[in-house]
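The values are calculated or read from the model by the stated rules, or taken from the named source; none is laboratory data. Keep in mind that what you see is a predicted model, and the values were worked out from it rather than measured. Here Cβ is always computed from backbone atoms with ideal geometry, including for glycine, and neighbour counts include all displayed protein chains.
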Amino acid sequence: MSSQKVLVAGSGKSGIAAANLMLQMGGDVVLYDSNKDLDAEAIKDKFEEKSHLTVVLGELNRTDLLGVELSVISPGIPLDAPFVAVLDEAKIPIWSEIQLAYHVAKGKLAAITGTNGKTTTTALTGEIMKTFYEEVFVVGNIGIPYTQTALETTDESVTVAEVSSFQLETIMDFRPNVSAVLNITPDHLNRHGTMENYIEIKKRITANQTEEDWVILNYDDPVLKEFGEQEDLKPKVFFFSSTQTLKEGMYLEGDDIVYADKGKKEVVANVHDLQILGRHNYENVMAAAAISVRMGVPMDLIRKAVKEFKAVEHRIEFVLERSGVKYYNDSKGTNPDAAIQAIRAMPGPTVLIAGGYDKQSAYDEWIESFGDKVKYLVLIGQTRDKIAECARNHGFTEIMYAEDMSEAVRVCAAYANSGDSVLLSPACASWGMFDNYEQRGNVFKECVRNL
């Protein structure tokens, strides 16, 4: 594989990391991006070793594929992109960036997917692993491409990977020792087409697992409960639940998170000892603890780590309190289900900022979750008319528009009373107004601090 000629599609973070990995292994790389307006020389400057790198921009032709034996596709690129047809026609295999990394990496692997909670669960699992293993890599959607660390891994290391549906579309033999599917709710339907297709792609995380491996599943999610009870599912199943008492599994008993296995029960933590808010976060703790137990971490170390863990940036992140009003940044709430969890986690009356890029989501259930908690809804971005109409259809009329984040924050500050919370939880992607959810969250925090 090291001497292969490989086409890497996408010049973003994961494309650059995948191309770098192939170059370090002695391969030849054709780095392709469909955006013809990019600067090829500026892209080349991101690499130390440029001699075996060719940059192709715009349209991909058959002649660009001479000698290419493999293609690696960045997660942001849909499989119906025009150039993919050129690869298919040339019978060139298509791998995801995580497949390439897995092919090269050593050591143990835990992989986490699900519609919501992935980043928090991955970060927490990584923190728990670090209490027991000397060499831990936390990679994937959480910010560091898996291909960036693959060559650094050894037989002794542990990798914890946050894996998206986009990445699971093009895996071959990707096989985690422990996998987890946290939940499945409608998301990315603009990419995957149908809910059935989206569910099947999420389940692929277990496709290559064997009887020696484990999968951690949410018992409260009907799709995952049914999936875990299938007779032909190869990995051993371990459930977690925030609503049911399980004979074997992680569950909530009153305010205690309990671990039950082989007839024995022990308390992992009391929810009041945690530094993260909301039932969905208790589920994230259960999942991370279950993964860690199956990866061999002793319970006393798990207990200590979950109590010390603080919220991930941009996920119900407390920013500051001003004039008795608490401000929370949940920019990572990029779909309605994630945004519902954030509303539920708020301690009292809330002024909510929402709206953004349209991923063809339905907003009814989210609006219904407002109850008496959401006092005002301040809308920004492409979806504001669509959300406003949906809110009015459900009888919610306390709606205001803002042109940008700065205006939205000022409006919230004017309408929030002492004891209220102001929450950015958009229920939409950030594109159009921002480069990504991180930028959106950082702008929100800056606007709050400038009040």
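Quick notes on this one:
- Test: residue in the stretch 368-387 that is among the β-branched types (Val, Ile, Thr) and closer than 25 Å to MET195 by Cβ: yes
- Some residue of the stretch 222-242 being under 17 Å from the mean Cα position of the chain (by Cα), of a type outside the set (Lys, Arg) and surrounded by 17 or more Cβ atoms within 10 Å (Cβ to Cβ): no
- Residues considered: ILE387, ILE353, ILE316. Of these, the only one that is modelled with pLDDT under 95 and crowded, with 20+ Cβ neighbours inside 10 Å is ILE316.
- Members of the stretch 140-172 that are surrounded by fewer than 19 Cβ atoms within 10 Å (Cβ to Cβ), modelled with pLDDT of 95 or more and of a type outside the set (A, V, I, L, M, F, W, C): GLU152, THR154, ASP155, GLU156
- Residues in the stretch 41-78 that are loosely packed, with under 15 Cβ neighbours inside 10 Å and aliphatic (A, V, I, L, M): ALA42, LEU66.
- Residues in the stretch 89-123 that are in a strand (DSSP E or B) and within 27 Å of ASN218 (Cβ to Cβ): SER96, LYS108, LEU109, ALA110, ALA111, ILE112, THR113.
- Residues in the stretch 399-451 that are among the β-branched types (Val, Ile, Thr) and more than 29 Å from the chain's Cα centre (by Cα): ILE399, VAL411.
- Scoring VAL267 on the criteria (1) without any contact (Cβ under 8 Å) to a residue 24 or more places away in the chain; (2) within 30 Å of ARG410 (Cα to Cα); (3) part of a strand (DSSP E or B) leaves a single failure, condition (2).
- Flag if GLY333 is assigned by TED's automatic domain parsing to the domain that holds TYR401 and assigned to a loop (DSSP other than H, G, I, E, B): yes
- Selection count, the stretch 335-376, where residues are touching a residue at least 60 places away in the same chain (Cβ under 8 Å) and either more than 22 Å from LYS118 (Cα to Cα) or in contact with a helix residue (DSSP H, G or I) (Cβ under 6 Å, 6 or more places away or on another chain) (or both): 16
- The residue list ALA17, ALA40 contains one member that is within 25 Å of PRO78 (Cβ to Cβ) and in contact with a Pro (Cβ under 7 Å, 6 or more places away or on another chain), which is ALA17.
- Residue count, the stretch 270-290 (criterion: touching a residue at least 60 places away in the same chain (Cβ under 8 Å) and either in the same structural domain as ALA342 (by TED's automatic domain parsing) or of a type in the set (D, E, K, R) (or both)): 2
- Among the candidates ILE199, ILE184, ILE171, ILE142, residue that is part of a loop (DSSP other than H, G, I, E, B), free of Cβ contacts under 8 Å to residues at least 60 places away in the same chain, assigned by TED's automatic domain parsing to the domain that holds ILE302 and under 21 Å from the mean Cα position of the chain (by Cα): ILE142
- Sole exception among (1) part of a helix (DSSP H, G or I); (2) under 30 Å from VAL223 (Cβ atoms) for VAL86, by number: (2)
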